[in-house]
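Participant: If you scroll down you'll find the structure; I have some questions about it.
The values are calculated or read from the model by the stated rules, or taken from the named source; none is laboratory data. Predicted model, so just to flag it, every value in this text is computed and none were measured. Cβ atoms come from the backbone with ideal geometry, glycine included; neighbour counts cover every protein chain shown.
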Amino acid sequence: MYCYQCEQTAKGTGCTAFGVCGKSPEISDLQDLLIHISKGVSMYAHKARELDAIDSDIDLFVVKALFTTITNVNFDEERMETMLKEASRMKEKAKLLYEKACEKSGKNPENLGGPAAYALPDNRDDMIRDGEKVTPEAWSQKHGEVVQGLRDLILFGLKGSAAYADHAHVLGMDDPAIYGFFHEFMAYLSGENFTVDDLVAKAMEAGKWNISVMELLDKANTSIYGHPEPTKVRVTPVKGKAIVVSGHDLQDLELLLKQTEGKGINIYTHGEMLPCLAYPELKKYKHLAGNYGGAWQDQREEFDRFPGAILMTTNCIQKPKDSYKDRIFTTGLVAWPGVTHIDEEKDFTPVIEAALKAPGFAEDAPEHIITIGFARNTVMSVAGKVVDLVKAGKIRHFFLIGGCDGAKPGRSYYTDFATMTPKDTIILTLACGKYRFNKLEFGEIEGIPRLLDVGQCNDAYSAVRIAMALAEAFNTDVNSLPLSLILSWYEQKAVCILLSLLYLGIKNMRLGPTLPAFVKQPVFDVLHEKLNLMAITTPEEDLRAILG
Ligand code: SF4
Ligand code: SF3
C-alpha cells in the first residue's frame, strides 16, 4: 500500500504499512485498483461522449467509485471486491458504447491501452497484487514525485467533487456536463506523459468544474429543503430514546425522520450533519432534537457514551468500539466490515429497533443553545447592513475559518485563532473544523452574530457567493475585501474546494495544519508566488500579519 491522500498520513509523507485512519493495506490496494479500472471506464466513456453516446449507469459508477475511495468512507474488503467486479463490467459496457457509437458514425474504434486494457482477475488476492502495481508510489518511481504529486492533486480533487456530485444525484440533480468532466479528467489521468504546466492548468480547471458541482448540490439542497435560516439549536441531549446521524447526506436524515415519526425517538445530528437543523424542510420535524457531539474524530468516545443507535451516512467513520458495534449502522457508500449496512431501499427498521432496545437518555442535560444557518441567502439579505457597518468602522475585517477537522494537536491553532480575533471582526465558518470553536460565545456586532456558521464543507459554494456579493456591494473584487481565509484541510473534499478557491484567484489564503504531502515544494512555490498561498504559522503571527 501507499496512501498519502489525507492530512494525517504517516510521518507526513505516506501510509505504507497500515493507514493511520485504519485502512488496511489490502483495502488501500483494492482502492487503487478501483481507481485504475475506473480510469479505463472513463477512457471509453469519454471517447463515446465525443460521439454523443452517453450512458447514465456508467456516468454514475465512476462518481461512486471515486467517492468510495475518499478517506474514512469504505473499509470493507467485500464491498470493495464487489465494486471492482462492477467496474470491470462497466468497462465492458463503456467499450461497447464506444464501439457502437463508432459504428453509427462510420468511424474505426481506437484500440485503447493502459487502464482500458486491464483485465480484472477472479480472486481477491490477485486483485490486491495488481493493486500494488498501481499505487502512487509505483507510478512515482517512473515519473518523479512532482509530476506524481500534481497528478494526485487532480485525482484527490476529483474524489472530493465526486462526493458532492453523488449527493446531488441522490437528490435527483444530475448534469451530463459534470459527468463528462469526470470522464474527461479520469481519461486524462490515465496518460503517462505530463508536463508540470499542463498539470497545474488542469488542476485549476478541476477547481472550476468543482464550483459547478457544488452549485448543483447547493441547488439540490435548497430547492428540496429550503434555504437554511438562522436557527437556535440545542447541542445537549434531552430525555428519551435516541438516534444520532453523522455524515453529510440530507436525504438519509429526512427518510429517517419520516420513518421515526411518532415512535418516541429523538433524532440528533452529529459532525457535518449539524447544518441540517437549519433547513426548513428538515427542522419542521419536532423529534429532530438537536446536535450531539462534535467532529468525526471524537466519535469513538461520543458514540461509546451515546445511549442509542448511530447512523453513518458518509465519511468520516472510524473503527467502531465493541461497546457500540451492534448499534452503529452504515448506509450509502460508507462501510465497515461487520457493521450492518442499510441498502438503497433505505428501510431503517434495524436502526430504529436498536434505538428502542438501547436505554436512551435518562434525563435532560443542561441546556446549551447555539445559532446556526448563515448560508448565502441569510447573509446576503443583510449585506446592505454589513456594508454600512464596515463603512462606519464597526466591522473591521472578515475571517473565513473553516474546513475539515482531524485529530492532530496542531489543530488547536484554529480555536486559538478564532478566540483571538478582535471584537470588531466577523468570523464565517463551515465544515467540521468549526467544532473547534462553534460552541464558544463570540457576541454580536449591532445584532449580527460575530460567528456565522455557513454550513457543511460543500457550502464553501455558499461562502464564495457571500464573498462575491460583498465584493459587489463594495464595488470591488474579492481580493480587495477586508477578508482573510484561514483553511483547515483533512480529506479530499477540502482538496477540491482548495482547487476551486485557487481557480477563482483568491489570494493570501492560509492553509494548515500541515501542507498536503502530495503538493511538493516546487508546486507549492508556484502557488505561493502566483496567489501568495501560505502555510499557517502561529495564531498571533498570522493575525498580526493580517490586521497589521
Ligand atoms: Fe493514511 Fe490518510 Fe490514506 Fe488513511 S486516507 S491510509 S490515514 S493517507
Ligand atoms: Fe469533516 Fe470528515 Fe472533511 Fe465535510 S466529516 S468535512 S473531515
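Participant: Of all residues in the range 360-376 being charged (D, E, K, R) and farther than 23 Å from LEU430 by Cα, which is nearest to the chain's Cα centre (by Cα)?
Facilitator: Going through the qualifying residues, I end up with GLU367.
Participant: When the range 456-501 is examined, which residues are found to be within 16 Å of ligand 1 (Cβ to nearest atom) and farther than 22 Å from PRO539 by Cα?
Facilitator: GLU491, GLN492, LYS493, VAL495, CYS496
The rows are residues; the columns are (1) in contact with an Asp or Glu (Cβ under 6 Å, 6 or more places away or on another chain); (2) touching a residue at least 24 places away in the same chain (Cβ under 8 Å); (3) in a helix (DSSP H, G or I); (4) within 16 Å of ligand 2 (Cβ to nearest atom).
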{"residue": "MET204", "(1), (2), (3), (4)": "no, yes, yes, no"}
{"residue": "LYS208", "(1), (2), (3), (4)": "no, yes, yes, no"}
{"residue": "ILE211", "(1), (2), (3), (4)": "no, yes, yes, no"}
{"residue": "ASP218", "(1), (2), (3), (4)": "no, yes, yes, yes"}
{"residue": "PRO228", "(1), (2), (3), (4)": "no, yes, no, yes"}
{"residue": "VAL233", "(1), (2), (3), (4)": "no, yes, no, no"}
{"residue": "GLN259", "(1), (2), (3), (4)": "no, yes, yes, no"}
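Participant: Now for a separate question. Out of all the residues in the range 76-86, is one or more part of a loop (DSSP other than H, G, I, E, B) and over 23 Å from GLY247 (Cβ atoms)?
Facilitator: The answer is no, given that none of the residues of the range 76-86 is part of a loop (DSSP other than H, G, I, E, B) and over 23 Å from GLY247 (Cβ atoms).
Participant: Scanning for something outside any helix (DSSP H, G or I) and touching a residue at least 24 places away in the same chain (Cβ under 8 Å), does the range 156-169 turn up at least one residue?
Facilitator: no
For every residue, the table says whether it meets (1) under 20 Å from the mean Cα position of the chain (by Cα); (2) within 9 Å of ligand 1 (Cβ to nearest atom); (3) not in a helix (DSSP H, G or I).
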{"position": "ALA17", "(1), (2), (3)": "no, no, yes"}
{"position": "LEU33", "(1), (2), (3)": "no, no, no"}
{"position": "TYR44", "(1), (2), (3)": "no, no, no"}
{"position": "ARG49", "(1), (2), (3)": "no, no, no"}
{"position": "ILE54", "(1), (2), (3)": "no, no, yes"}
{"position": "ILE58", "(1), (2), (3)": "no, no, no"}
{"position": "ALA65", "(1), (2), (3)": "yes, no, no"}
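Participant: Cβ-Cβ under 7 Å, sequence separation 6+ or interchain: first residue in the range 20-32 and free of Cβ contacts under 8 Å to residues at least 60 places away in the same chain, partner within 6 Å of ligand 1 (Cβ to nearest atom) and part of a loop (DSSP other than H, G, I, E, B). Which pairs?
Facilitator: VAL20/GLN8; VAL20/THR9
Participant: Moving to a separate point now. For the range 129-155, how many residues meet the condition of being at negative phi, not aliphatic (A, V, I, L, M) and not in a helix (DSSP H, G or I)?
Facilitator: Counting residues in the range 129-155 that are at negative phi, not aliphatic (A, V, I, L, M) and not in a helix (DSSP H, G or I) gives 2.
Participant: For the range 5-15, enumerate the residues that are more than 7 Å from ligand 1 (Cβ to nearest atom) and either hydroxyl-bearing (Ser, Thr, Tyr) or assigned to a loop (DSSP other than H, G, I, E, B) (or both).
Facilitator: GLU7, THR13
Participant: Assuming THR378 fulfils every condition listed in (1) away from ligand 2 (no atom under 15 Å from the Cβ); (2) touching a helix residue (DSSP H, G or I) at 6+ places or on another chain (Cβ under 7 Å) apart from one, which condition is it?
Facilitator: So the condition that THR378 fails would be (2).
Participant: Regarding the range 79-90, can at least one residue be identified that is away from ligand 2 (no atom under 16 Å from the Cβ), over 20 Å from the mean Cα position of the chain (by Cα), of a type outside the set (Lys, Arg) and over 24 Å from MET312 (Cβ atoms)?
Facilitator: yes
Participant: Could you go through the range 113-121 and let me know if any residue there is farther than 19 Å from TYR179 by Cα, within 16 Å of ligand 1 (Cβ to nearest atom), surrounded by 14 or more Cβ atoms within 10 Å (Cβ to Cβ) and among the small types (Gly, Ala, Ser).
Facilitator: No.
Participant: Next question. Quick check, is GLY443 free of Cβ contacts under 8 Å to residues at least 24 places away in the same chain, more than 16 Å from ligand 1 (Cβ to nearest atom) and on the phi > 0 side of the Ramachandran plot?
Facilitator: Here the answer is yes, as GLY443 does meet what is asked.
Participant: So, one more: Mind checking whether some residue in the range 502-513 is buried (at least 18 other Cβ atoms within 10 Å of the Cβ), outside the structural domain of CYS15 (by TED's automatic domain parsing) and either hydroxyl-bearing (Ser, Thr, Tyr) or within 16 Å of ligand 1 (Cβ to nearest atom) (or both)?
Facilitator: The answer is yes, given that some residue of the range 502-513 is buried (at least 18 other Cβ atoms within 10 Å of the Cβ), outside the structural domain of CYS15 (by TED's automatic domain parsing) and either hydroxyl-bearing (Ser, Thr, Tyr) or within 16 Å of ligand 1 (Cβ to nearest atom) (or both).
Participant: From the list PRO366, PRO350, pick out the single residue that is in contact with a Ser or Thr (Cβ under 9 Å, 6 or more places away or on another chain) and without any contact (Cβ under 8 Å) to a residue 40 or more places away in the chain.
Facilitator: PRO350
Participant: Looking only at the range 416-457, count how many residues are within 16 Å of ligand 2 (Cβ to nearest atom) and either modelled with pLDDT under 95 or of a type in the set (Ser, Thr, Tyr) (or both).
Facilitator: 2
Participant: Among what's in the range 389-421 and is loosely packed, with under 14 Cβ neighbours inside 10 Å and charged (D, E, K, R), pick the residue that is nearest to ligand 1 (Cβ to nearest atom).
Facilitator: In this case the residue turns out to be LYS394.
Participant: Checking the condition in contact (Cβ under 8 Å) with a residue 40 or more places away in the chain, among the small types (Gly, Ala, Ser), under 30 Å from GLY406 (Cα atoms) and more than 16 Å from ligand 2 (Cβ to nearest atom), which residue from SER56, SER38 passes?
Facilitator: Exactly one residue qualifies, and that residue is SER38.
Participant: Could you tell me which residue of the range 433-461 is farthest from ARG234 (Cα to Cα), considering only residues that are under 26 Å from the mean Cα position of the chain (by Cα) and surrounded by fewer than 17 Cβ atoms within 10 Å (Cβ to Cβ)?
Facilitator: By that ranking, first place goes to LEU440.
Participant: Tell me which helices (runs of 4 or more DSSP H) are completely within the range 492-548 and hold 3 or more residues being touching a Leu at 6+ places or on another chain (Cβ under 9 Å), or say none if there are none.
Facilitator: 492-503, 521-531
Participant: Hey, another quick one. Which of the residues that make up the range 440-477 are more than 15 Å from MET380 (Cα to Cα) and of a type in the set (A, V, I, L, M)?
Facilitator: Result: LEU440, ILE445, LEU451.
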